[in-house]
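Trainee: Input: one structure, supplied below.
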Amino acid sequence: MKRLKVELGERSYPIVIGRDLLDRLPEELMARGITPKNKLFIITDHQVGPIYLERMESILQAADYQTGANVISAGEQSKSLHVLEEITGSALQAGLDRKSVFIALGGGVVGDLAGFCAATYMRGVPFVQVPTTLLAHDSSVGGKVAVNHPLGKNIIGAFHQPSLVLYDTETLKTLPPREIYAGFAEVLKHGLIWSESFTQWLEEHAEELLALQSPFIDEAIYQGCLIKSQVVSEDETEQGKRAILNLGHTFGHALESLSQYGGLIHGEAVALGMVAAALLAERIGVCPESEQVANRTIALLKKFHLPVRMDDQFTPEQVLEAMRHDKKGSGGKLVFVLPTRVGAVDIFHDVKETDVLEVLKMSKEVS
Ligand SMILES: NC(=O)c1ccc[n+]([C@@H]2O[C@H](COP(=O)([O-])OP(=O)(O)OC[C@H]3O[C@@H](n4cnc5c(N)ncnc54)[C@H](O)[C@@H]3O)[C@@H](O)[C@H]2O)c1
Ligand SMILES: [Zn+2]
């Protein structure tokens with residue numbers, strides 16, 4: 001079992017990672033001051049619920065906790081104001097009060113949605129994350145919670161830190177392979193922005209990691225969370241440095257929104273975005289060993305079965321237009337996080353659109 005603390009002053013919280021941790025949930029809740037006096041409300045989706053909800057409820061009830069639950073449809077479409085209203089309604093009907101605690105049992109969609117429900121329910125109640133996807137190692141750190149607006153992803157949101165993150169790595173074993181690969185995109189991102197040695201370790205242990213072998217998978221989640229938590233601790237509300245976590249996301253969100261949140265899943269879009277970022281760094285000359293960085297990024301993503309070549313479905317102009325719409329642009333200008341070497345990135349505000357278009361063309365030729 002591994003444990004780390006996200007350092008945010010009085011909003012600090014622990015992340016516990018290991019096998020069969022669901023059984024420890026009551027103990028960990030008690031350690032955070034959440035006792036059977038606090039009603040619990042579990043939010044999960046229709047894929048995760050049938051596998052884990054009953055077990056979670058019986059573990060909690062055996063420890064005298066009162067539980068209610070709401071099962072939403074799986075998928076990004078559930079991150080909506082409409083679903084938020086539904087959950088709020090069933091929480092009210094279940095008699096949840098200001099002392100109640102929401103539990104997110106699922107991937108990043110459930111985490112973001114349940115977190116935002118918790119942030120807004122009666123002006124804010126605590127929440128606990130029990131992530132069941134690999135990608136959710138990313139969303140479980142940092143307290144960004146949100147739902148989507150028809151005009152943009154994560155537009156309606158808040159900063160609301162969880163009280164506890166309990167990561168039972170056994171739950172990853174029921175994930176479809178495509179979701180495992182996509183989850184690794186964010187793990188690889190954490191290596192690429194912060195640590196050459198972690199990146200090298202990922203290159204060396206791809207096989208064990210893809211097989212979700214312990215202790216490798218626990219270590220990868222631990223390091224990913226640790227890197228993210230270090231960045232977040234320095235800049236909780238994204239005034240500056242936290243933006244480095246957006247490596248691959250300026251391109252990625254555009255691709256995701258063009259495919260209507262349906263064609264590409266988040267991690268795949270981020271993978272393509274990280275290739276484009278490496279190529280852009282190379283093109284504008286901000287990375288002394290750029291060729292090596294781009295080649296290594298591409299090889300690493302391929303090892304984890306992630307896409308590296310942009311589809312012909314969209315023209316470079318369409319992608320650029322979608323990027324302009326993304327909220328990551330500041331004052332209408334595009335902001336890019338680009339590698340300066342393997343394990344380090346910087347933020348660039350004055351990249352020319354002609355260079356971006358050229359790189360988008362090149363992204364269709366990557367092999
Ligand atoms: N808040 C943040 O900082 C942050 C960071 C990164 C991503 N996100 C958000 O996370 C979301 C993506 O998260 P995700 O990739 O976890 O998607 P997800 O929650 O949609 O899960 C992916 C799919 O896997 C299924 N699933 C989940 N766990 C399973 C399990 N153990 N066994 C079988 N099936 C399982 C789900 O039902 C779903 O169909 C996006 O909305 C993204 O915006 C947020
Ligand atoms: Zn992401």
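The values are calculated or read from the model by the stated rules, or taken from the named source; none is laboratory data. Computed from a prediction, not measured in an experiment: that's the story for all the values here. Heads up, the Cβs are rebuilt from the backbone with ideal geometry, glycines too, and the neighbour counts pull from every protein chain shown. Side chains included, ligands, DNA and RNA excluded: accessible areas come from the protein's heavy atoms. Shrake-Rupley method; radii C 1.70, N 1.55, O 1.52, S 1.80 Å.
Trainee: Taking the chain as the reference, fit the longest principal axis to its C-alpha atoms, fit the long axis of helix 177-194 to the helix C-alpha atoms, and give the angle between the two in degrees, 0 to 90, nearest 10.
Mentor: 70
Trainee: Next question, about the same structure. Just for the Cα atoms in segment 38-95, what are the lengths along the principal axes, largest first, rounded to whole Å?
Mentor: Answer, in whole Å and largest first: 34, 26, 12 Å.
Trainee: Which order do the peptides 20-28, 106-114, 6-14 come out in when sorted by mean C-beta neighbours inside 10 angstrom, highest first? Before the final figure, lay out the partial values.
Mentor: Details: 20-28: 16.0, 106-114: 27.6, 6-14: 14.2.
Per-residue Cβ counts within 10 Å, averaged per peptide and sorted highest first, yield 106-114, 20-28, 6-14.
Trainee: Of the heavy-atom accessible surface of segment 182-332 (probe 1.4 angstrom), what whole percent is carbon and sulfur?
Mentor: Taking all protein chains in place, segment 182-332 shows 47 percent carbon and sulfur surface.
Trainee: Is it possible to state the helix-based mean residue ellipticity at 222 nm for the chain, with each DSSP H run of 4+ residues giving -39500 (n - 2.57), the sum divided by total residues, to the nearest 500 deg cm²/dmol? What is it?
Mentor: Working: 14 runs with 165 residues, N = 367.
Helix contribution divided over all residues of the chain: -14000 deg cm²/dmol.
Trainee: Kindly identify segment 2-173 as rounded, prolate or oblate by the Cα gyration tensor criterion: order the square roots of the eigenvalues as a ≥ b ≥ c, call it rounded if a/c is under 1.5, otherwise compare a/b with b/c, prolate if a/b is larger, else oblate.
Mentor: rounded
Trainee: Would you mind calculating the relative contact order of the chain from Cα pairs under 8 angstrom and at least 6 residues apart, reporting the percent as a whole number? Write down the numbers at each step before the final one.
Mentor: Details: 699 pairs, mean separation 54.3, N = 367.
Result for the chain is 15 percent.
Trainee: Specify whether the C-alpha gyration tensor of segment 155-271 places it in the rounded, prolate or oblate class, a ≥ b ≥ c being the square roots of the eigenvalues: rounded for a/c under 1.5, otherwise prolate if a/b is larger than b/c and oblate if not.
Mentor: Values: a/c = 1.45, a/b = 1.16, b/c = 1.24.
In terms of gyration-tensor shape, rounded.
Trainee: Express the accessible area of segment 269-367 per residue in Å², computed with a 1.4 Å probe while the remaining protein chains stay in the model.
Mentor: Working: 4680 Å² over 99 residues.
Per residue, segment 269-367 has 47 Å² of solvent-accessible surface.
Trainee: What's the ranking of 30-41, 273-284, 88-99 by average number of surrounding C-beta atoms within 10 Å, highest first? Spell out each step's value before the answer.
Mentor: Working: 30-41: 15.9, 273-284: 25.6, 88-99: 13.9.
Descending packing order for the listed peptides: 273-284, 30-41, 88-99.
Trainee: Would you work out if the chain is rounded, prolate or oblate? Take a ≥ b ≥ c from the square roots of the eigenvalues of the alpha-carbon gyration tensor; rounded if a/c is under 1.5, else prolate when a/b is larger than b/c, oblate otherwise.
Mentor: Numbers: a/c = 1.94, a/b = 1.60, b/c = 1.22.
Note, shape of the chain comes out prolate.
Trainee: I would also like to ask the following. Enter the angle in degrees (range 0 to 90, nearest 10) between the Cα long axis of helix 108-120 and the first principal axis of the Cα atoms of the chain, meaning the one along which they spread out most.
Mentor: The answer is roughly 60 degrees.
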